[in-house]
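**Student:** Mind looking over this structure? Questions follow.
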Amino acid sequence: MFSPQGPSLRELLVQALSSVERGYDLLAPKFDHTPFRTPESVLDAVASALRGIGPFEDGLDVCCGTGAGVGVLRQVCEGSVTGVDFSAGMLAVARERVPSGPPRVSWVRADARALPFRPAFDLAVSFGAFGHFLPREVPGLFAQVHSVLRPGGCFVFPVVAPPRAGSLTYCMLLGFDLVMRVRNAVWRPPFVMYYRAVRFEDLLRELEGAGFEVDLHALPEFGRRRDGSPRVRMVVARRLPVDHPTAAGSVNS
């Protein structure tokens, strides 16, 4: 699962026994050599799909980590790009590895649950971050993203179809979540990282509750499952005008 340049078992154990922020500060120099980083195939597919609904002016990568999503934004945004994360270590790596503009790139250390921006963005993206938020925190997170988008702005993220119940992948993810729950029950500070904490249906409901209109776009690069459903979808949540009634989203699959 890890390349030779990735973290050692000891380093992963130290990270797992730290807070989320401290853990990612420690992991940052080797994060891009772990399976936790969003694969290039997913990043490329999202960038390709965004070109079909862009271009955009100003973009925000929410929980940007080492800047993988900023690379996507730079391909579709013509004004500026901002990466925000609460790990100083991850931002330090991002500053080193992501070249400066155009478009202009800036980095901000902040908690996604309290974004320090006015409505200044036309596009926000996030990759692989939702497992670090408890279900009760998701509505507030979506409300924060909504608050920093201009009317008509989009919040976009990929969603992989859940594994079939009883499959090896399903059992591995379930086992990981159980280990994390036990760890957090007996050790402080907690390390919030769950793969099955927020269900897809709940994400859509919370987005609509935050004032977004939601569309789903299949990413054809990843094909379909046996039942015909897409293996990977891109969620496009568009901020509605303040006086517009929240509407249920349509599904393009």
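A quick yes/no check of all residues on (1) touching a strand residue (DSSP E or B) at 6+ places or on another chain (Cβ under 6 Å); (2) modelled with pLDDT of 95 or more:
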{"site": "212", "(1), (2)": "yes, yes"}
{"site": "215", "(1), (2)": "yes, yes"}
{"site": "227", "(1), (2)": "no, no"}
{"site": "240", "(1), (2)": "yes, no"}
{"site": "251", "(1), (2)": "yes, no"}
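Matching residues to (1) surrounded by fewer than 17 Cβ atoms within 10 Å (Cβ to Cβ); (2) outside any helix (DSSP H, G or I); (3) touching a residue at least 12 places away in the same chain (Cβ under 8 Å):
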position	(1), (2), (3)
6	no, yes, yes
13	yes, no, no
24	no, no, yes
29	no, no, yes
41	yes, no, yes
45	no, no, yes
50	no, no, yes
54	no, yes, yes
57	yes, yes, yes
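**Student:** Here is a follow-up. Going through 163, 139 one at a time, which residue ends up being assigned to a loop (DSSP other than H, G, I, E, B) and more than 11 Å from the chain's Cα centre (by Cα)?
**Tutor:** Values: 139 fails: assigned to a loop (DSSP other than H, G, I, E, B).
Only one candidate qualifies: 163.
**Student:** Also, quick follow-up: Would you pick out the residues in the stretch 82-99 that are β-branched (Val, Ile, Thr) and either within 16 Å of the chain's Cα centre (by Cα) or open to solvent by 50 Å² or more (accessible area, probe 1.4 Å) (or both)? Give the derivation first.
**Tutor:** Initially, the stretch 82-99 is screened for residues β-branched (Val, Ile, Thr), giving 82, 84, 93, 98.
Within the stretch 82-99, 82, 84 qualify.
**Student:** Turning to a different aspect of this structure: Being open to solvent by 80 Å² or more (accessible area, probe 1.4 Å) and out of contact with any helix residue (DSSP H, G or I) (no Cβ under 6 Å at 6 or more places or on another chain) is the requirement here; does residue 156 meet it?
**Tutor:** Values: open to solvent by 80 Å² or more (accessible area, probe 1.4 Å): no; out of contact with any helix residue (DSSP H, G or I) (no Cβ under 6 Å at 6 or more places or on another chain): yes.
Judged against the criteria, residue 156 is not a match.
**Student:** Checking residue 19 against (1) surrounded by fewer than 16 Cβ atoms within 10 Å (Cβ to Cβ); (2) modelled with pLDDT of 90 or more; (3) over 22 Å from residue 82 (Cβ atoms), which test does it fail?
**Tutor:** It fails just one condition, (2).
**Student:** Pull out all pairs, ordered by first then second residue, where Cβ-Cβ is under 9 Å, the residues are six or more apart or on different chains, the first lies in the stretch 60-74 and is within 18 Å of residue 26 (Cα to Cα) and touching a residue at least 12 places away in the same chain (Cβ under 8 Å), and the second is in a strand (DSSP E or B) and among the aromatic types (Phe, Trp, Tyr).
**Tutor:** Pairs that qualify, where the first residue is within 18 Å of residue 26 (Cα to Cα) and touching a residue at least 12 places away in the same chain (Cβ under 8 Å) and the partner is in a strand (DSSP E or B) and among the aromatic types (Phe, Trp, Tyr), are 64/107; 67/107.
**Student:** Same structure again: Filtering the stretch 77-110 down to residues that are of a type in the set (D, E, K, R) and assigned to a strand (DSSP E or B), which residue is modelled with the lowest pLDDT? If you could, list the steps in order and put the result at the bottom.
**Tutor:** Within the stretch 77-110, the first condition is being of a type in the set (D, E, K, R), and the residues that meet it are 78, 85, 95-97, 104, 109.
Right, trim to assigned to a strand (DSSP E or B) and you get 78, 85, 104, 109.
Working: 78: 95, 85: 97, 104: 92, 109: 97.
The extreme case among them is 104.
**Student:** In this structure, is residue 200 closer than 30 Å to residue 52 by Cβ and under 14 Å from the mean Cα position of the chain (by Cα)? Spell out how you get there, then give the answer.
**Tutor:** Numbers: closer than 30 Å to residue 52 by Cβ: yes; under 14 Å from the mean Cα position of the chain (by Cα): yes.
Yes; evaluated as a whole, the condition is true for this residue.
**Student:** I need every pair where a residue in the stretch 205-228 that is on the phi < 0 side of the Ramachandran plot and touching a residue at least 60 places away in the same chain (Cβ under 8 Å) has its Cβ under 6 Å from the Cβ of a residue that is charged (D, E, K, R) and surrounded by fewer than 18 Cβ atoms within 10 Å (Cβ to Cβ), sequence separation at least 6 or different chains.
**Tutor:** Once the first residue is on the phi < 0 side of the Ramachandran plot and touching a residue at least 60 places away in the same chain (Cβ under 8 Å) and sits in the stretch 205-228, its partners that are charged (D, E, K, R) and surrounded by fewer than 18 Cβ atoms within 10 Å (Cβ to Cβ) give 222/231; 225/231.
**Student:** Determine, yes or no, whether residue 188 is open to solvent by 50 Å² or more (accessible area, probe 1.4 Å), farther than 24 Å from residue 54 by Cβ and in contact with a helix residue (DSSP H, G or I) (Cβ under 9 Å, 6 or more places away or on another chain).
**Tutor:** Details: open to solvent by 50 Å² or more (accessible area, probe 1.4 Å): yes; farther than 24 Å from residue 54 by Cβ: yes; in contact with a helix residue (DSSP H, G or I) (Cβ under 9 Å, 6 or more places away or on another chain): no.
The answer is no for residue 188.
**Student:** Is there a residue being open to solvent by 10 Å² or more (accessible area, probe 1.4 Å), more than 24 Å from residue 71 (Cβ to Cβ) and basic (Lys, Arg) anywhere in the stretch 100-111?
**Tutor:** no
The values are calculated or read from the model by the stated rules, or taken from the named source; none is laboratory data. Computed from a predicted model, the values in this text were never measured in an experiment. Cβ: placed from backbone, ideal geometry, glycine included. Neighbour counts: every protein chain shown. Ligands, DNA and RNA are stripped out before the accessible areas are found, and what is left, the full protein with its side chains, is counted by its heavy atoms. Shrake-Rupley method; radii C 1.70, N 1.55, O 1.52, S 1.80 Å.
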